[in-house]
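Comments concern the structure below.
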Amino acid sequence: MRCAVAVLFPVVLMLVACQREERDTRPQSALGSGEQPTPVTTLEPGGQRPSPTDNKAASFEANAFHLSEGKRLFGWFNCSGCHANGGGGMGPALMDEKWIYGSSMESIHATIRDGRPNGMPSFRDKIPDDQIWELAAFVRSLSGNAPSSAAPSRNDDMMAHPSENRMPNAATLGKSP
Amino acid sequence: MKQAAQPARSCGDAPLTKRSSAPRKRSLGAFAAMLLVCAPLLTAASESPPAPAISPPAAAAPPDDGQWTMPAKNYASTRYSELAEINEGNVKNLQVAFTFSTGVNKGQEAAPLVVGSTMYIVSPFPNTVYALDLSKSGAPMKWKYEPNPEPAAQGVACCDVVNRGAAFANGRIFFNTLDGHTIALDANTGQPVWNAHVGNINIGETITMAPLVVKGKVLVGNSGGEMGVRGWVKALDAGDGHVVWTAYNTGPDKEVLIGPDFKPHYDTDKGKDLGVSTWPPEAWKIGGGNMWGWISYDPDLNLIFHGTGNPGPWNPDLRPGDNKWTSGIFARDPDTGAAKWFYQWTPHDLHDYDGINEQILLDMNWQGKPRKVLVRPERNGYLYVLDRTTGEVLSAKPYGPVNSSKGVDLKTGRLIENPDKLTGTGKVVRDICPTASGLKDWQPSAFSPKTGLLYIPHNNLCMDEEGVEVNYIAGTPYVGMNVRMIPGPGGNRGAFTAWDIAAEKPTWSLKENFPVWSGAVVTAGDVVFYGTMEGWFKAVSAKTGDLLWQFKTSSGIIGQPITYRGPDGHQYVAVLSGVGGWAGAIVSGDLDPRDATAALGFVNAMKDLKNATTAGGTLYVFRLP
């Protein structure tokens, strides 16, 4: 009996360990899928309409692999040159609760892809579409908008702020609203 | 309480002034030396006051006409006014004459100009120019000019969207826009005369510096040392704006305008195409060396002097070599741009020590011999005295805490690196002083020939640095360094120091809580003005540093104060208030202090600035009642 438990326990453990998140091994075309309009305001004459969602957003948003890739690309594409490690510099801070052009995955994706008029460059044709989604997911994690189970948990570089999986939601800073 | 007007400078009171400002052992010797110097002067010209021991060359600093036509006051860049109505005794009575909103809540680094009865100010992006009529009550607006620069330019401006001022010459106002235009306006009407597009924001090029007009040419340099932009200085024809010459600060000699006239003092600057061979292949094309600071001009020598910015990227592992001609200073012929000499403050810069600070042109006796010198409080922490005819270093003494280097070898002119503070990829080096922003950044100092002192607004900060890998993508940052700054020794993040140039040491120094990011102005009334990032506008005694008067403005001050004689014959003092710039980006850019590396690490040292001041943009003008 004791022997059976000793055998079963590792087997159960192995099975549990096999529960890994899904990952596309073959990303879609570099230039991306459809381009849906992404409003940058909540003010819409005639009442707010539900904004279309991109089904890609959900697959990237809470995915640990994509978040960690986003963190790496954030440095590689020089996002950190303007936005530092989320505190901002030449560009605005990304770790606070203020969103100039919207906080949704779709809005951030559109911001990176198409640029914004006051200085955000357009990275269309420079960054493959899936990597833009990874960047968008990571940007959300900077303000605590990613599950702590998926957000990056370590920083390979000089301490700039606590790791993303420990960042409180910027809107509440860990307090109840 | 009114003090008698300062008597004309006489030989007798020169040593007195010196003694009171510098109570040191050499007083007897100095007195004897002064007597020797003064004796022939007394006999030769008993009526006109004899020249002070250290003074700017007359051709570069003509007698004061009460106007302020360029940010540095004159070609020698003394920022000294001969006006003395406001003096040590009555400055405590100063009150506001009028104010004016620039309408922009970004860092206000510009110097107002006063020409005749009109004041001109240029705002940060969107670079609106205002002309105010000083002859009427309340100084109503005469005209304004909106250049409508490209809004995208804000995204490639390294450290806030500042502008350091305009320049006046021959009935025209010349200024630069953030998106790379130099514009000439009719000073009377505000109508544009010409508009030259010289910078390209798509490679990260912006213009923030104040132009200097020399011999019918408008001298302009670019910004972008954090974006891998190759630095240049251009001379535009003041008449129609066409480019007369362009001198690059990296690359082959032909493009740097190095020719047969180039005679640098030190051997390390001699050789063919050093602007190419001191870099890895092609790296000079994206190597920085931008000219976003100050230019001085000596009409007697027919030379302009300008610094060159930091090499890019900041991570030095990516650019082994001396990285000529970055972080140095050029003397050039203003007619052709041809280089005459060069000196490199910081070869193979490791810490973002741009070499673009102001240079004050002075004539003085140096170790018994009359020398034409150039004084430079440099970003790497040393106060340099150079022979401006040759580029030879006469003196280089630290004017604050420095541990990134161990001095300057006066034989070779070379900065002696501290091996403990070498930065590189994947290595965190702690407690480097001064910071990337330098012991002093762009904020210009002022020199008074009455006291022989240089009044230096500066920082007192240290930093940790870690080099990281970086990719060059045109139009995006090219830095490769994580930085976090901390207050320097003593905890005061700024200081205002009066430096005795002849004695090579400070006479007095005032501690300030925040970096002193404003310029300074000094007057014949022996009053020095500067501002703090909390918003205090201060007047201190030029001799002792005693605080004589202060006024709290609406926002932190990082602008350049000026003083002028108004149409009513009275002396006024003016300054722009409005926090921002690199030091104040946490407020003007609303950055998040929880990230120690925000604003290239400056935010970590300025976490409490948001509680001390808010953004604004207001001109303050003061006068006696």
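None of the figures in this text is laboratory data; all of them are computed from the coordinates on show. It should be emphasised that the depicted structure is a prediction, and the values quoted were computed from it without experimental measurement. Because the Cβ atoms are built from the backbone with ideal geometry, glycine has one as well, and the counts that use them run over all protein chains shown.
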Rg/Rh for the protein assembly as shown, where both radii come from Cα atoms and Rh is the Kirkwood radius = 1.02
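Taking the mean number of other Cβ atoms within 10 Å as a proxy for protection, how do you rank A:79-91, B:573-585 from highest to lowest? Each step should come with its number before you reach the end.
Details: A:79-91: 26.0, B:573-585: 30.2.
The densest-packed peptide leads the list: B:573-585, A:79-91.
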ask   = Which cross-chain or sequence-distant (5 or more) residues have an amide H under 5 Å from the amide H of residue B:461, H modelled 1.01 Å from N in plane?
value = B:435, B:488
J(HN,Hα) series, the stretch B:535-546, from Karplus relation 6.51 cos²θ - 1.76 cosθ + 1.60, nearest Hz, glycine and proline x = x, 6, 9, 10, 10, 10, 5, 5, 8, 10, x, 4
remark   = Given pairs B:372/B:538; B:136/B:552; B:324/B:607; B:263/B:369; B:215/B:369 and cut-off 28 Å on Cα-Cα distance, the over-length ones are B:372/B:538; B:324/B:607; B:215/B:369
task = Output the peptides B:533-543, B:413-423 sorted from most to least packed, where packing is the average of other Cβ atoms within 10 Å over each peptide's residues.
result = B:533-543, B:413-423
message = Would any residue of the stretch B:462-493 have its amide N under 13 Å from a label point 7 Å out along Cα→Cβ of residue B:428? List them or say none.
response = B:464-467, B:482-485
remark   = Between residue B:194 and residues 5 or more places away or on another chain, the pairs with built amide H atoms under 5 Å apart involve B:184
request  = Can you tell me the alpha carbon radius of gyration of the stretch B:301-368 divided by the globular rule-of-thumb value 2.2 N^0.38 Å?
outcome  = 1.29
query = Using the Cα gyration tensor of the stretch A:92-153, with a ≥ b ≥ c the square roots of its eigenvalues, what is the shape: rounded (a/c below 1.5), prolate (a/b larger than b/c) or oblate (neither)?
reply = oblate
key: Residues whose placed amide H lies under 5 Å from that of residue B:340, excluding near-sequence neighbours   = B:331, B:332, B:333
ask   = Using 7 Å Cα-to-Cβ label points, what is the residue B:95/residue B:273 separation (nm, one decimal)?
value = 6.9 nm
key: For the stretch B:301-311, Karplus couplings with θ = phi - 60° (6.51, -1.76, 1.60), whole Hz, Gly/Pro x   = 7, 6, 10, 9, 10, 9, x, 10, x, 5, x
ask   = What's the long-distance tail for the stretch B:502-547, i.e. % of Cα pairs beyond 14 Å?
value = 53 percent
request  = Would you mind giving the three semi-axes, in whole Å and largest first, of the ellipsoid equivalent to chain B according to its Cα gyration tensor?
outcome  = 33, 29, 25
query = Which length gain, in nm to one decimal place, applies between residue A:163 and residue A:124 when the Cα-Cα distance is subtracted from 0.36 nm times their residue separation?
reply = 11.2 nm
query = In whole Å, what is the distance between the alpha-carbon centres of the stretch A:98-177 and the stretch B:83-104?
reply = 47 Å
note = With 0.36 nm assigned to each residue of separation and the Cα-Cα distance removed, residue B:300 to residue B:367 gains 21.8 nm
ask   = Cα centroids of the stretch B:196-234 and the stretch B:299-348: how far apart, whole angstrom?
value = 15 Å
task = Could you work out, residue by residue across A:113-121, how many beta carbons of other chains sit within 10 Å of that residue's beta carbon, and then give the average as an integer?
result = 4
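Any of B:254/B:411; B:73/B:270; B:340/B:411 with alpha carbons more than 24 Å apart? Name them for me.
From B:254/B:411; B:73/B:270; B:340/B:411, over 24 Å: B:254/B:411; B:73/B:270.
What length, rounded to one decimal in nm, is gained on full extension from residue B:336 through to residue B:409, with 0.36 nm per residue of separation minus their alpha-carbon distance?
Contour length minus Cα-Cα distance gives 23.0 nm.
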